[in-house]
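What follows is a short report on a single structure.
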Amino acid sequence: MYPVEAPVAYPRSQWYVAGYGEEFTQKVFGRLILGDRIIFYRTADGAPVALSGRCVHRFMPLENAELKNDLVVCPYHGYSYGKTGQCQSIPTGGAISKHARLRRYPLVERGPLVWIWMGDPDKLQMERLPNPVEIGLGDGQSDWCVVIAKTFSMKARAGLLVDNLFDLSHLAFIHSQSLPGAGSLVMVPPKIETVDGRLRVSRVIPKMEFEPGSGLDRTIPVARQHGAVYCLLHTEMYNPCLIPSSGPWVYSLTADGQPDKLIASLNFVHIVTPETEHSTHYFGVVTRNYELDNDELSTIQMTQTDKVRAEDVICLEAIEQTIDGDESSRREISTKVDEGSIAARRILRNLIKSELEVA
Ligand code: FES
Ligand SMILES: [Fe+2]
């Protein structure tokens, strides 16, 4: 399914972000993920739970169900379900079939994110769960500032967003106002490589002189003390859902002008969870490992990412309109600068293909 050359839109045997930990409370909420209607809540002992969101009795949706003593109570006739999904009681009596159960989806809470395994629960692969310590979203990391940005309900397929995130040549156009100066950056040729098993598309500014009032000054003030720094701007794919862009990673320079120590890491983390084949939950997080308590900086960075992402959403929703129902429109004209996006598509295609071969 365009833009990925595969019969389906996304791989299922993967971990996707279901939401932020702070959304999980003792109140049930619902979300469609990969076309599955799912309900979420947190038990009294703090464990997040995900169950299929349709009652087995007469198919009532459960996203507005009440949670009573950790049991989800269907609003229609009161069947109640425990955290394993098994029906625990039927108010009108009668035997409870062992088939009276909701599907349980495995969840893992890691940092501010709750991840859901969307594949067969019996074939769960923990090794596929990202542990992104490099961007402060790994297990038990507290020495990072993590800012939660806006969640967009994007009426466009996830593949278009993945494509967009690895395509920096659009910065000079749709983000010309929100990212001034980015236009010249895209003239720097990108490097496409695999680092620690992850696709990385990067651009380097070998020596950026510090200028008061510049973008670097505003967003990474810690660079001030260094005069000139080495900047790495890169986008990586941890898995189909987690695609951070550095903004940038800043290194000090050795006396002979080589990158030395990483002095600041700023990350605009894009989280791409397909809602359906034609819509996407686009979560966003900004992480940094400096000026942890600087709320003003957090606001600047969050406002910036929300503005930039809103521009992408408008663009991708417009593209979705032109291709929806016209899957033959695959003959694109690409150039060298599109290689990053094409590499990302290839990864998605191979993941989908290998799943379909096993099935
Ligand atoms: S539909 Fe849920 S109890 Fe009847
Ligand atoms: Fe963009």
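The values are calculated or read from the model by the stated rules, or taken from the named source; none is laboratory data. Treat the numbers as computed from the prediction; the structure is a model and nothing was measured. Heads up, the Cβs are rebuilt from the backbone with ideal geometry, glycines too, and the neighbour counts pull from every protein chain shown.
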Inset, instruction - Give the residue, chosen from Pro48, Pro91, that is within 30 Å of Asp143 (Cα to Cα) and not aromatic (Phe, Trp, Tyr). - result: Pro48
Inset, instruction - Take the range 152-186 and flag every residue that is surrounded by fewer than 16 Cβ atoms within 10 Å (Cβ to Cβ) and modelled with pLDDT of 95 or more. - result: Ser153
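What number of residues in the range 27-39 are among the charged types (D, E, K, R) and either modelled with pLDDT under 95 or in a loop (DSSP other than H, G, I, E, B) (or both)?
The total comes to 1.
Every residue, every condition in (1) buried (at least 16 other Cβ atoms within 10 Å of the Cβ); (2) in a strand (DSSP E or B); (3) touching a residue at least 40 places away in the same chain (Cβ under 8 Å), yes or no:
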site	(1), (2), (3)
Met1	yes, no, yes
Arg12	yes, no, yes
Thr25	no, no, no
Tyr41	yes, yes, no
Gly46	no, no, no
Leu51	yes, yes, yes
Legend entry - Residue in the range 157-208 that is nearest to ligand 1 (Cβ to nearest atom), counting only those that are of a type in the set (Val, Ile, Thr) and within 24 Å of Ile300 (Cα to Cα): Ile174
Legend entry - Extreme residue, farthest from ligand 2 (Cβ to nearest atom), among residues of the range 57-112 that are farther than 21 Å from Arg31 by Cβ and of a type in the set (A, V, I, L, M): Ala95
Legend entry - Single match in Thr322, Thr280 (criterion: of a type in the set (Ser, Thr, Tyr), away from ligand 2 (no atom under 16 Å from the Cβ) and more than 18 Å from Arg200 (Cα to Cα)): Thr322
Inset, instruction - Report, ordered by the first and then the second residue, all pairs with beta carbons closer than 7 Å, sequence separation of six or more or different chains, a first member in the range 166-187 that is without any contact (Cβ under 8 Å) to a residue 60 or more places away in the chain and over 16 Å from Ile205 (Cα atoms), and a second member that is assigned to a helix (DSSP H, G or I) and within 12 Å of ligand 2 (Cβ to nearest atom). - result: Leu171/Ala182; Ala172/Ala182
Inset, instruction - Return yes or no: is Ser153 of a type outside the set (Phe, Trp, Tyr), closer than 15 Å to Asp312 by Cβ and assigned to a strand (DSSP E or B)? - result: yes
